[in-house]
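Enquirer: The structure is given below, and queries will be raised subsequently.
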Amino acid sequence: NIYYEKNIGEGDTPYNTKSKGLFYKYSHGPAKFFSLDVRTERYNRASSPQMIGMLQKRALEEWLIENRSDDYVKFIISAVPLFPDTKDVFFYPVGSPEDKWGGYCEQRLDILEFIRNQNIRKVVFISGDVHVSFVSKLQYDNQDLGIYSIVSSGFTWPVPGLQRFNFDWKNIPES
């Protein structure tokens with residue numbers, strides 16, 4: 001991340017000075033960013049698998065509370081989409097759920113419920129990895145709180161990407 005490399009010593013610092021994690025935060029104008037490390041802290045061999053470690057999850061929650069003001073758009077960057085989940089189609093398998101948030105449903109729900117219970121608005125998840133681009137919105141019943149997911153993958157992928165039918169649009173995480 002060019003911004004991180006250029007500016008990390010000039011204000012914001014990584015949360016993870018004592019862990020192997022690679023998560024960090026930064027700001028740009030009215031936008032706040034928290035970049036998750038969803039690669040090095042995964043643990044799926046437990047009764048409650050985790051995509052991110054407890055220190056990182058706590059740092060994310062603290063960051064959300066610190067920036068809860070509606071004056072800020074809060075972007076959470078994840079290498080893989082938070083929602084919707086991918087699904088295999090008979091002629092186009094999309095891989096293991098352990099490589100996406102769909103393999104870590106309990107922790108994903110914890111994060112979404114934290115946002116909902118704290119009534120934190122203007123939260124947008126940014127991700128890639130699925131070789132297609134789209135925007136989706138998680139809307140809670142009887143609440144005007146919405147959480148967005150923007151997925152943008154490479155523009156020059158040389159083979160056909162996933163299609164609408166490769167995503168589970170009806171099974172968005174529920175509270």
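Values quoted throughout were computed directly from the atomic coordinates according to the rules given, and no laboratory measurement underlies them. Just so it is clear, the model here is predicted, and its values are computed rather than measured. Here Cβ is always computed from backbone atoms with ideal geometry, including for glycine, and neighbour counts include all displayed protein chains.
Enquirer: For the pair SER47 and SER69, what calculated FRET efficiency results from E = 1/(1 + (r/R0)^6), where r is the Cβ-Cβ distance and R0 = 35 Å, to the nearest 0.05?
Expert: In this case the efficiency is close to 0.40.
Enquirer: What is the spin-label model distance, in nm, from CYS105 to LYS170 if the labels are put 7 Å beyond Cα along the C-beta direction?
Expert: My value for the distance between the label points is 1.5 nm.
Enquirer: On to the next question. Going by amide H atoms built from the backbone, whose H comes under 5 Å of the H on GLY146, apart from near neighbours?
Expert: Excluding prolines and chain starts, which carry no amide H, the hits are LYS122.
Enquirer: For SER153, which sequence-distant residues (separation of 5 or more, or a different chain) have an amide H within less than 5 Å of its own amide H, given hydrogens modelled in the peptide plane?
Expert: VAL132, SER133
Enquirer: Please list, in order along the stretch 46-55, the HN-Hα scalar couplings obtained from phi with the Karplus expression 6.51 cos²θ - 1.76 cosθ + 1.60 (θ = phi - 60°), rounded to whole Hz, x for Gly and Pro.
Expert: Karplus values, whole Hz, x for Gly and Pro: 10, 5, 10, x, 10, 7, 10, x, 5, 4.
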